[in-house]
Structures are given as C-alpha cells and as structure tokens.
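Before any comments, here is the structure.
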Amino acid sequence: MMSLVSAPGSRPLGRAAPPAAPRRESPVVELNVGGEFYTTTLGTLRKIPGSKLAEMFSSSAKACTDAEGRFFIDRPGTYFGPILEYLRSGQLPRQHIPEVYREAQYYEIEPLVKLLEDMPQIFGEQVARKQFLLRVPGYSENLQLMVRLARAEAVAARYSEVLVCVVHNEKDDANCADTLRLLEADKRSVVKFGPWKAAPTIDHLLDCVKMDIKAQGYQVQCSKHPGLPANYFYSFCFTWW
C-alpha cells in the first residue's frame with residue numbers, strides 16, 4: 001500500500017495551516033496635509049481624546065490616502081505644523097496665529113483653541129472688536145450693501161463713491177434726521193450705521209468698516225463728506241484700477 005508522504009519542508013497533507021499572526025498597527029504615520037508632508041505617531045495624533053483629529057485616526061475610521069499611501073487631509077498644510085508641535089510638546093505658535101486658530105477649531109483641539117484665544121491677536125479680534133460689532137445693528141448687512149452700491153457704480157469708471165452716515169447715539173441720530181430725509185428725497189443712497197450701545201466711538205466704527213472691506217480685497221479710502229454735517233457723513237471711495 002502506498003503511503004502519503006509530504007515533501008520536505010511542506011505541511012503534512014490533511015492538516016490545517018496555522019492561523020496567521022495578526023497584523024500589528026504601525027505607530028508611525030506619514031501624512032499628506034494639503035500637499036505638505038509630515039511624519040508623526042498615532043499617539044501624537046490621538047493625544048486629545050474627542051478631537052476631530054483623534055477621530056480621524058481611530059481604529060474604526062476610514063482612511064483617505066494619496067498615491068504614495070500617505071494619509072491625506074484636505075486642509076492647509078502650512079498651518080498643520082504648529083498644530084503638530086503643540087500635540088508633541090505643548091509649544092504654542094508664534095506666527096500665523098489667526099490661521100492656526102482656525103485650524104485648531106477645525107480639528108477641535110479645544111485646549112489649543114482656548115490657549116490661542118488668550119493671545120493678543122485672537123483676544124483683541126474675538127473678544128473686543130467682534131463683541132463691539134455685534135452691538136452695532138445690521139453691521140454685516142451694511143457692509144454687503146456698501147459693496148453692492150460701489151460695484152453698481154463701477155461700470156467704465158476708475159472710482160466709485162458710497163455715502164455713509166454714522167451715528168453713535170440717539171442725539172446724533174436726531175441731528176442727522178433732516179439731512180437723511182433730504183438725501184432720500186434726492187434719491188441719494190446712504191448706508192447708515194448706528195446708533196449702538198458700546199464705548200467705541202464713530203472713528204472706531206469707521207476703522208472697523210475700512211478693515212473689513214479691505215479684508216474682502218477692495219481698495220477703499222474714507223473721508224468726511226464736504227457739504228454735509230460734519231462728524232456724521234463720510235465718503236467711502238473704492239478704487240478699481
């Protein structure tokens with residue numbers, strides 16, 4: 001009778017193969033963040049439990065990879081470096097504070113968000129300036145109206161002018177009422193800011209308007225309007241070319 005003999009080095013016939021060893025998860029991670037490349041560890045990325053970044057690299061998350069197999073995050077890569085340095089060593093950024101703050105908010109790294117909010121650049125914008133503007137009725141809508149009026153007058157012109165009235169309190173409002181009625185009768189468009197209940201003055205409000213319009217990419221200058229009551233009526237001149 002012929003016996004079944006396995007070849008040297010092979011497993012005996014009829015015997016099941018031993019189970020493969022479980023694949024270990026590498027602690028080292030290569031990242032492609034918006035085209036910028038980083039190498040770090042899973043422990044660093046998961047350092048803040050509950051953050052979006054930790055969730056991205058949890059065991060149950062579906063990974064998005066680039067052509068080289070690196071984990072891909074579709075965010076600005078330049079500002080991810082400071083995020084990574086904070087997770088590694090607790091180091092706070094010294095440059096591009098507003099941009100890093102925005103990314104820390106996106107990744108939901110709350111300890112870093114709170115630390116950045118105490119820095120002068122973010123504190124001044126978030127706590128001081130924005131809180132003031134929230135007390136100016138219709139501020140954002142008025143900015144949009146100014147831009148629409150300026151663009152409507154820009155056809156075949158180098159400059160366009162928008163007339164703005166700014167009143168801090170009820171007394172200012174009363175002082176401007178007659179002039180506003182005359183302008184309305186002449187079909188002159190006027191964008192009116194105020195009154196508001198906060199300490200900043202008319203000049204401070206004008207600075208905010210200029211800052212926020214320039215932040216949209218427009219070239220704009222502000223001056224008192226001649227022939228109209230001083231300290232209330234201003235001309236915003238947009239330069240197009």
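The values are calculated or read from the model by the stated rules, or taken from the named source; none is laboratory data. Quantities reported herein were computed from a predicted structural model and do not represent experimental measurements. Don't worry about glycine lacking a Cβ; one is built from the backbone with ideal geometry, like all the others, and counts go over all protein chains shown. The protein model used for the area step is the full one, side chains on, heavy atoms only, and it has no ligands, DNA or RNA in it. Shrake-Rupley method; radii C 1.70, N 1.55, O 1.52, S 1.80 Å.
For a test of the definition: using alpha carbon positions, the gyration tensor, and the 1.5 limit on a/c, classify the range 122-220 as rounded, prolate or oblate. Oblate. Stretching ALA63 away from THR41 to a fully extended chain increases their span by 6.4 nm, per 0.36 nm per residue minus the current alpha-carbon distance.
Would you work out the charge dipole size for the chain about its Cα centre, treating the Cβ of every Lys and Arg as +1 and the Cβ of every Asp and Glu as -1, and quote it to the nearest 20 debye? It comes to approximately 680 debye. Once backbone amide H atoms are built at 1.01 Å from N, VAL33 has TYR38, ILE73 as its partners under 5 Å, excluding neighbours fewer than 5 places away on the same chain. Structural descriptor for the chain: relative contact order 13 percent, calculated from alpha carbon pairs under 8 angstrom and at least 6 residues apart. Extension gain for LYS114 to LEU206 (0.36 nm times residue separation, less C-alpha to C-alpha distance): 30.1 nm. Converting phi to 3J(HN,Hα) with the Karplus coefficients 6.51, -1.76 and 1.60 and the offset θ = phi - 60°, the range 162-168 yields 10, 8, 10, 10, 10, 10, 7 Hz in sequence order, with x at every glycine or proline. The length gained by stretching the chain between CYS237 and TYR159 to full extension, at 0.36 nm per residue less their Cα-Cα distance, is 27.4 nm. Only protein heavy atoms count here; on that basis, with a 1.4 Å probe, LYS214 has an accessible area of about 100 Å².
Send over a whole-number figure in Å² for the accessible area per residue of the range 97-241, probe 1.4 Å.
Working: 8300 Å² over 145 residues.
Result: 57 Å² of accessible area for each residue.
Mean-square fluctuations from a GNM of the chain, with a 10 angstrom spring cutoff on Cα atoms, peak among GLY217, GLY90, GLY81 at GLY217.
Straight-distance candidates among the aspartates and glutamates for linking to LYS130, with alpha-carbon spacing under 18 Å and chain neighbours fewer than 8 residues away dropped: GLU99, GLU117, ASP118, GLU141, ASP203, ASP207, ASP212.
Between VAL191 and LEU163, VAL164, CYS165, the built amide H atoms are under 5 Å apart, and every one of these is 5 or more places off in sequence or on another chain.
Students often get this wrong, so try it: which of [x] 47, 40, 40; [y] 56, 43, 25; [z] 120, 42, 26 is Cα extents along the principal axes in Å as calculated from the structure shown? Working out Cα extents along the principal axes in Å from the coordinates points to [z]. Taking every DSSP helix (H) stretch of at least 4 residues in the chain, weighting each as -39,500 (n - 2.57) and dividing the sum by the residue count yields a mean residue ellipticity at 222 nm of -10000 deg cm²/dmol. The accessible-area ordering, largest first, of the residues LEU183, LEU92 stands as LEU92, LEU183, per a 1.4 angstrom probe.
Give me the percent of accessible area attributable to carbon and sulfur for the chain, probe 1.4 angstrom. Intermediate values should be presented prior to the final figure.
Working: 8270 of 15400 Å².
C and S fraction of accessible area: 54 percent.
Among the lysines, select those whose C-alpha is under 19 Å from the C-alpha of LYS52, and discard any that sit fewer than 8 residues away in the same chain. Counting by Cα, and skipping residues close in sequence, LYS52 has these lysines nearby: LYS62, LYS114. Dipole orientation for the range 85-151: of the candidates MET119, GLN95, LEU134, LEU134 has the Cα lying most toward the positive pole (charges on Cβ; Lys, Arg +1; Asp, Glu -1). Rounded to the nearest 0.05, what FRET efficiency is calculated for GLN144 and GLU85 with R0 set to 41 Å and r the Cβ-Cβ distance? Once the sixth-power term is evaluated, E becomes 0.60.
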